[in-house]
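**Q** I'd like to ask some things about the structure below.
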Amino acid sequence: MIKKIIAGLLVIGIVVLACFKIFSNNDTSRKDLKKIGEELTSYHMEANMDITNANDDIRKFYVNVDYMKGEVDHFRISLIDKEINQEQIMIRNSEGVYVLTPKLNQVYEFKGDYPLNTPKPYLYHSIIQEIEKDNYEAKKTTDGYIINAKMEYKNHPSWNKQEIKLSKDLKPVWVNIYDSNNNLVVAINFIKVEFNIGMDKALFDVEANIKKSKEEVVSTSKQVEELPLIPKVDENKTSLKEQTEVVIDGNKMYILSYTGDINFTLVQKDIKANDVLDSKVVSGELVSMYTGVGFYENKTLTFIIDEREFQIYSPSLTVSEMLEIVSSMQVEVVK
């Protein structure tokens, strides 16, 4: 009798373990996911993405991702800000890595392994990589699988938990990211996912993408606050010491200096669209962002959003801390 009870408990334990570790090394589903990743020649995905920033404002984006396998894997990631209908495009092709802002007729060229240098919740590659780490719990549902994983987003250290819903055929359905307080900070809902479809290299051409975006995406007028914007800071650690306004080539530039336990300088200016394509080679590090272009070099983060450029210089702040400052500038205005 005791042996039967023990055997029954063992069976229950095995069933429970199977529910929460469906992607164990011997599990068919995990092998299928790995096989899909190995055999992928291309994919196209479209999604709606909501991001809650430091001010609890929600920014809404339409995400379009294309991947084509090759000697150099090609990627095209398009983010359209729904509020202003402005598009930014990240491209990796045989020539390099590019960030495009079609409305400004601007292209930045980088070196590096973008977009695989850090996790991207809208990339199928990132989903597969997280499963391979074996740092997750998962359960089977009637229509697919739900995976809970610990995450490390380099530039967003407070984002530490991720929920992924996969369909029965292991395609992404949605991804939710939570912060250390269990607040939902990113919500991605996929509306179209296609694997191994025909693709042309022209899809990853920089100039063709600039031209197409300018033809198809018409920016909407948006009431924006006048510069300078002021960030939310911990006044016990830093405060605004000096504010300067300068004019260079007819363009106003605002310089805000903060001092205290935390020291940084914040420079802000409006950007005008270029009549001809403006292409710049950037030696700094491309910073993964979901609201605009960013690159870090010589202790300075340069960030471009809504036809404005912000630069933060600090000898002590990390990139993630600089990003928090940028995010908090969206509402408060110097009176």
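**Q** How about the range 37-62: which of its residues are in contact (Cβ under 8 Å) with a residue 12 or more places away in the chain, β-branched (V, I, T) and in a strand (DSSP E or B)?
**A** I51, T52
**Q** Let me ask another. Pick out the one residue from N155, N160 that is in contact with a Gly (Cβ under 9 Å, 6 or more places away or on another chain), at pLDDT below 95 and either part of a strand (DSSP E or B) or in the same structural domain as I51 (by TED's automatic domain parsing) (or both). Give the derivation first.
**A** On the way: N160 fails: in contact with a Gly (Cβ under 9 Å, 6 or more places away or on another chain).
Criteria check complete, one pass: N155.
**Q** Quick check on V282: is it of a type outside the set (G, A, S), over 27 Å from M49 (Cα atoms), under 26 Å from the mean Cα position of the chain (by Cα) and modelled with pLDDT of 95 or more? Let's see the steps before the verdict.
**A** Values: of a type outside the set (G, A, S): yes; over 27 Å from M49 (Cα atoms): yes; under 26 Å from the mean Cα position of the chain (by Cα): yes; modelled with pLDDT of 95 or more: no.
So V282 fails the test.
**Q** Which one is nearest to L227 (Cα to Cα) among residues in the range 248-262 that are at pLDDT 95 or above and hydrophobic (A, V, I, L, M, F, W, C)?
**A** M253
**Q** Please go through the range 240-273 and give me each residue that is surrounded by fewer than 13 Cβ atoms within 10 Å (Cβ to Cβ), over 23 Å from N155 (Cα atoms) and not basic (K, R), ordered by number.
**A** E242, T244, E245, V246, V247, I248, D249, G250, N251
**Q** Hey, among the residues in the range 125-147 that are surrounded by fewer than 16 Cβ atoms within 10 Å (Cβ to Cβ) and under 30 Å from S327 (Cα atoms), which one's farthest from the chain's Cα centre (by Cα)?
**A** By that ranking, first place goes to N135.
**Q** Filter the range 285-318 for residues that are buried (at least 16 other Cβ atoms within 10 Å of the Cβ), over 18 Å from the mean Cα position of the chain (by Cα) and not hydroxyl-bearing (S, T, Y) and give the result.
**A** Hits for the range 285-318 are E307, R308, E309, F310, Q311, I312, L317.
**Q** Okay, moving on. Which ones in the range 85-108 are in a strand (DSSP E or B), of a type outside the set (A, V, I, L, M, F, W, C) and within 18 Å of the chain's Cα centre (by Cα)?
**A** Listed by number, the residues that qualify are Q86, E87, Q88, R92, Y98, T101, Y108.
**Q** A follow-up question, please. Would you check if E226 is modelled with pLDDT under 95, of a type outside the set (V, I, T), at negative phi and outside the structural domain of M45 (by TED's automatic domain parsing)?
**A** For E226, the condition - modelled with pLDDT under 95, of a type outside the set (V, I, T), at negative phi and outside the structural domain of M45 (by TED's automatic domain parsing) - is met.
The values are calculated or read from the model by the stated rules, or taken from the named source; none is laboratory data. Computed from a prediction, not measured in an experiment: that's the story for all the values here. So basically every Cβ, Gly included, is an ideal-geometry build from the backbone, and we count neighbours across all protein chains shown.
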